[in-house]
Amino acid sequence: MEINVVEQIKRFQDFIDSNYYNSLLENARKGSKSLLIDFSELSKYDPDLATELLDAPEETIKAIEKAIEQFDVDGLSNFKIRFHNLPKSQNIMIRDIRSKHINRLFFIEGVIRRKSDVRPQVTSARFECPVCGNIMNVLQLEGTFREPTRCGCGRKGKFVMLDKELVDAQGIVVEEAHENLEGGEQPKRINVLLTDDLVSPLSEKRTSPGSKVEVVGIVKEVPIISRSGAKSTKLDLIVDANHIKPVEGTFYEVEITEEEEKEILEIANDPKGYEKLVDSIAPSIYGYEKIKEALLLQLMGGVRKVRMDKIVSRGDMHILLVGDPGSGKSALLKRITQIAPKGRYVSGKGISGAGITAAVVRDEFLSGWALEAGAMVLSSDGLVCVDELDKMGSEDRAAMHEALENQTVSISKANIQATLIARTTVLAAANPKFGRFDPYGIIAEQIDLPPTLINRFDLIFPIKDLPEETRDEKMAKHILTLHQTPDMQEPEIPTEILKKYIAYARQRVNPKLTDGALEEIKDFYLKMRKSGGSEAGIKAIPISARQLEALVRLSEASARSRLDDRVTRKDAKKAIELLDYCLMQVGFDKETGKIDIDRIATGIAATQRSHIMVLKDIIGELEAKLGKAIPIDDVVAEAKNRGLDEDKVEEALERLKRSGDVFEPRRGFLSRI
């Protein structure tokens, strides 16, 4: 049923008068140029108007704006009306938009992939005829600027433009969220045009790439202009946004009801609450208690601190799992992406440096260059799981260095210099160098990753798959029972509540170190540093300041998991236990019986480094006696006198040759370069 415009305007006036008059006055007083209306209230008040709004949104919204102008209040010209809370029937997937949907009101959900700059756009222009003085108003609704073709007095062309109305416009590209896709579908994208107050600086923050949004808007067609300048018969689709709002994304945006809060506090007060949380992390995977505990602490996260001199200490912990094939690493990663909001899962060969940090792409929408965020930036305040880290190219891995430590991604390409924020927690998994761990070899040498990257992980867990009868029997039973009754292994705490628990801890709890915890961590650090011992002048470095920060983060996360504002000695002990477990596994040097962080941090153990220093001294002394060419046998003999084994000498010489310090001018002789 068509309602004539005058009637429409009157009905809208009544509706706003009875429901939104106070909000309207408040917005006008603040200088805001828009009013947000709940669609459900309009449909209750007048179902005909609501139907009219969905079927012919442009004319109806103009009628509402006219109705508002007739109120006797200052500052109501050019007032915009925004709608939210549309019925579910108006929700449409981007892939399902067809020509029948054009010029109707819908809402779509998706993730913002790209965002262009804000530019002014002409909405209407006034022209004067130089002959008769007639003034014509031309609306600029299409992509090209239109001038009037003729005047009433018969004149054609060459009119004088008096003035034009401009609005701010910005284009964003919205892509379907991955949760709504099935099978091998590629997520579809659509351009969305934001105008006026939708591009105010406040809403700018809400529409950064990676945010999940709900866009209410009118589907419109845009002519495609071919290269020759003619219009193509094909049309492009665009959503002219009426309202845009972010849908919950990070832990900090999850809403928690009062009943859920009661449940959360019950878990926190339960003496076995912590064990229950750990068990609920990945109930379908057998064993790995230490790793599950570390993953719970990783989800809780430490506290991010910004100091007076603007130096930031990150609160996010990064964990690396290095293990034999088939040990359930990928299953753990997949499970964690389901618990964490904004969780993303990426895998080895399918990652490029641009895909994980950010790429610069040509922007067809408003021409020029635009930034497209990669996985680390898109899941800022979330979590990224990187599987098959060892299969990534070395250049692409190098792109992660800055994001892991400083939590930013700097881009300097084309004419874009930008630093994007990537406050992301990283959980990575990799295989050992030869596919499987050699149980008798040194673990640190079997991790095939650059030391600079490994050094940025707070905890490194080697997962060895060694046959052991009782454990194998339990594991086989666990896996087979799961296949027999898939739903048997219900987590003690349902996933939804676990998610809310972690969100609650992150939002409300910011624990501070107590003196007791501080003492505990300091004592452990100093004890470890002392235990390095001296061997041939070089001390093994058992632990570095990076591990000290990791201890603080782990202790804070442990306090968070109990919803406690104070980090106690107990939390510090838990953190020390985890770190000690990792160091014993990865950094233990069998020769000296001590922990040596250099094995991981630089790839050369301190004992080897001291052998190299001794050899360099020997070569220097012999060169002074014998001249440039030094027989290798003399070097070995001299090294033996100083207590070095022959294999150690050969290994050290090999390293010196590889690093380009010495070379063999002829067989059996050495020379320094």
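If you wrap the chain in the convex hull of its Cα atoms and look at it from every side, the mean projected area works out to 44.1 nm². When the label point is put 7 Å from the Cα of GLN70 along its Cα-to-beta-carbon vector, which residues of region 10-44 have a backbone N closer than 13 Å? Counting only backbone N, you get 10-17. Counting only DSSP beta bridges with both residues in the chain, the antiparallel share comes to about 70 percent. How large is the helix-only mean residue ellipticity at 222 nm for the chain, computed as the sum of -39500 (n - 2.57) over DSSP H runs with n ≥ 4, divided by its residue count, in deg cm²/dmol to the nearest 500? Rounded to the nearest 500, it is -11500 deg cm²/dmol. Within the chain, CYS385, CYS582 have no other Cys Cβ under 4.7 Å of their Cβ and so lack a disulfide-compatible partner by this rule. Within the chain, the longest run free of chymotrypsin sites (Phe, Trp or Tyr not before Pro) that sit in a DSSP loop with at most 13 other Cβ atoms within 10 Å is 146-433. At 0.36 nm per residue, minus the direct Cα-Cα distance, what do ASP163 and ASP48 gain on full extension? Give it in nm, one decimal, please. Length difference between fully extended and current span is 37.6 nm.
Counted by Cβ distance under 12 Å from ALA294, the other residues give a net charge of 0, where Lys and Arg count +1 and Asp and Glu count -1.
Could you give the DSSP H helices of the chain that reach 15 angstrom or more along their long axis (alpha carbon positions) and whose average Kyte-Doolittle hydropathy is no lower than 0.0? Helix filter hits for the chain: 289-300, 329-339, 606-626. Note on the chain: dipole from Cβ charges, positive end direction compared against VAL199, SER280, THR425; the farthest Cα belongs to VAL199. Other residues lying with their Cβ under 13 Å from the Cβ of LEU237 contribute a combined charge of +4, Lys and Arg counting +1, Asp and Glu -1. Among MET400, MET93, sorting on how many other beta-carbon atoms sit within 10 Å of each Cβ, with the fewest leading, yields MET93, MET400. Taking other C-beta atoms within 10 angstrom as a stand-in for reagent exposure, SER558, SER410, SER18 fall in the order SER18, SER410, SER558, fewest first. Applying 0.36 nm per residue to the separation of GLU185 and ASN78 and subtracting their alpha-carbon distance, the gain on full extension is 34.3 nm.
Where a ≥ b ≥ c are the square roots of the eigenvalues of the C-alpha gyration tensor, would you call region 425-518 rounded, which needs a/c under 1.5, or, failing that, prolate if a/b is larger than b/c, or oblate? Because a/c hits 1.5 or more and a/b fails to exceed b/c, region 425-518 counts as oblate. The residues neighbouring CYS151, those whose beta-carbon lies less than 12 Å from its own, together hold a net charge of +2 under the Lys/Arg +1, Asp/Glu -1 convention. Overall form of region 5-85: prolate. Here a/c, set by the Cα gyration tensor axes a ≥ b ≥ c, is 1.5 or more, and a/b is the larger of a/b and b/c. Take the Cβ atoms of ILE102 and LYS62, set R0 to 25 Å, and the FRET efficiency comes out at 0.90. Annotation: amide H-H contacts under 5 Å for ASP564 (H modelled 1.01 Å from N, sequence separation of 5 or more, or interchain): none. Rounded, prolate or oblate, given the Cα gyration tensor of region 258-586, with a/c below 1.5 counting as rounded? In terms of gyration-tensor shape, rounded.
Spatially, region 210-232 and region 255-315 are offset by 44 Å when compared through their Cα centroids.
Here, each number is a calculation from the coordinates, and none is a lab measurement. If you're wondering where the values come from, they're calculated on a predicted model, not measured in any experiment. With ideal geometry, Cβ positions are generated from the backbone for all residues, glycine too; neighbour counts draw on all protein chains shown.
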